[in-house]
Amino acid sequence: MSIRFGLVVGLLFAIVVTYLTSINPSRVHVALGGDWAFDIPLMALIAVVFGAGAGLALVLGILRDVTRSYARGTAPFEAPPRSAPAAPAAADAPREPAAQAGRDALIERRRFAEALEIQARVVQAAPREERAAERTVLAGLHYEIGRERIEKDDRAGAISHLKNALRAQPDFVPAALLLGEAHLKAGEPREALRVWERAAEGPQPALPMLSRIEQLHRSEGRPTRMISLYQDALARQPDNLALAFGLGRVYFELAMLDEAAEQFQKMEVRAPELPLIHAYLGAILERRGEFRDAMEEYRRALRQSDRIEWPHRCAACGATHSRWVDRCPACRRWNTSRP
């Protein structure tokens, strides 16, 4: 019962008692001992007794409300309740700028294991819109530690970190490449192929990944799989010149000269300035015995070597590389090399 309601009831009771006393004049003799005795109206006695009980109940109610109010952390009789104070931040949550600066300093000193401990906390504390970028750094650190473990012949430790890198970022190409290589060195070509094929199923298959799968198929004498590998990738990205070039190169290496010539001629229409196209067209014409035309294509090619790499660009900073790299030398970010 609220205090205000109790006061209203008490007032109404006093009015009723006053009225009843006026129409009931009978009196009661009350002796308190010795000479202490007096006569009071009956209704007045009833009012005093009731008032004493009501007063006691009122005092107890006030004490109860005060106790509850302090228990809730609010002032007694405060009409609108205060909002609960904000919970303090966890004591061990890192302050991101400071943690990132410390992490970057450790990375530059190649103390990847220590940087990984910090980065795991940074990922947990990062806002949702920044978490993907921080998970890429986490994957990069697992990758670097895995590479160090391979150099120390700790294959089990390397595989563990490389798998963690792929858990942090499933399309992290450097970790998938190295994980397959680790299985291959351990005499597990089927496991290596499984890792590489899974990584190549993404919307943007990396050329080094396709090259590793191609080499494995070639060593096992499976030329049709070499062809379907690039055909499937090209079906997912029909405008990717690097994949089109890979398919033409496989045709050429399998002595499928007509198919190779058709593939490179299609590419020449789209990118006539690429020297690699003219180098292969020249080689195709040379194999056919058309030496004059072959020499013309060779002259149009800017360069040719036994090992031809497709140029790449960093998706983060735009820096160009003559081949695929696991980490951009310019911006120092992992997994950004694109053809």
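At a Förster distance of 51 Å, what's the computed FRET efficiency of residue 255 paired with residue 120, Cβ-Cβ distance as r, to 0.05?
Here the calculated transfer efficiency is 0.45.
So, for region 233-320, what is the accessible surface per residue at a probe of 1.4 Å, expressed in square angstrom? Before the final figure, lay out the partial values.
On the way: 4990 Å² over 88 residues.
That works out to 57 Å² for each residue.
What FRET efficiency comes out for residue 151 versus residue 331 if R0 is 35 angstrom and r is the Cβ-Cβ distance? Round to the nearest 0.05.
Working: r = 25 Å, r/R0 = 0.71.
Efficiency, from the Cβ-Cβ distance: 0.90.
So which trypsin sites (Lys or Arg not before Pro) in region 138-200 are both in a DSSP loop and have at most 12 other Cβ atoms within 10 Å of their Cβ? Write down the numbers at each step before the final one.
Values: sites: 147, 149, 152, 155, 163, 167, 185, 190, 194, 198; in loops: 152.
Passing sites in region 138-200 are 152.
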| said: Under 20 Å between alpha carbons, and skipping anything fewer than 8 positions from residue 152 in its own chain: which lysines qualify? | reply: 163, 185
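Please find the FRET efficiency linking residue 130 to residue 292, where r is the Cβ-Cβ separation and R0 is fixed at 51 Å, and quote it to the nearest 0.05. Could the numbers behind the result be given before it?
Values: r = 60 Å, r/R0 = 1.17.
So the FRET efficiency works out to roughly 0.30.
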| said: Considering the Cα positions of region 171-309, please state its Rg to one decimal place and its Dmax as a whole number of Å. | reply: 16.1, 49
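Computing the accessible area with a 1.4 Å probe over protein heavy atoms, can you report the carbon and sulfur percentage for region 193-248?
Values: 1250 of 2580 Å².
In region 193-248, the share of accessible area belonging to carbon and sulfur is 48 percent.
What translational D, rounded to a whole number of µm²/s, comes out for region 188-257 from Stokes-Einstein when the hydrodynamic radius is the Kirkwood one over Cα pairs, at 10 °C and 1.306 mPa s?
On the way: Rh = 12.1 Å.
Answer from the Stokes-Einstein relation: 131 µm²/s.
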| message | With only alpha-carbon pairs counted, each pair once and no self-pairs, how large is the Kirkwood hydrodynamic radius of region 147-218 in angstroms? | response | 12.1 Å
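The values are calculated or read from the model by the stated rules, or taken from the named source; none is laboratory data. The shown structure was predicted, so the numbers you read here are calculated from the model rather than taken from an experiment. Cβ coordinates were reconstructed from backbone atoms using ideal geometry, including for glycine residues, and neighbour counts include every protein chain displayed. Protein only, heavy atoms only, side chains kept; ligands, DNA and RNA dropped before computing areas. Shrake-Rupley method; radii C 1.70, N 1.55, O 1.52, S 1.80 Å.
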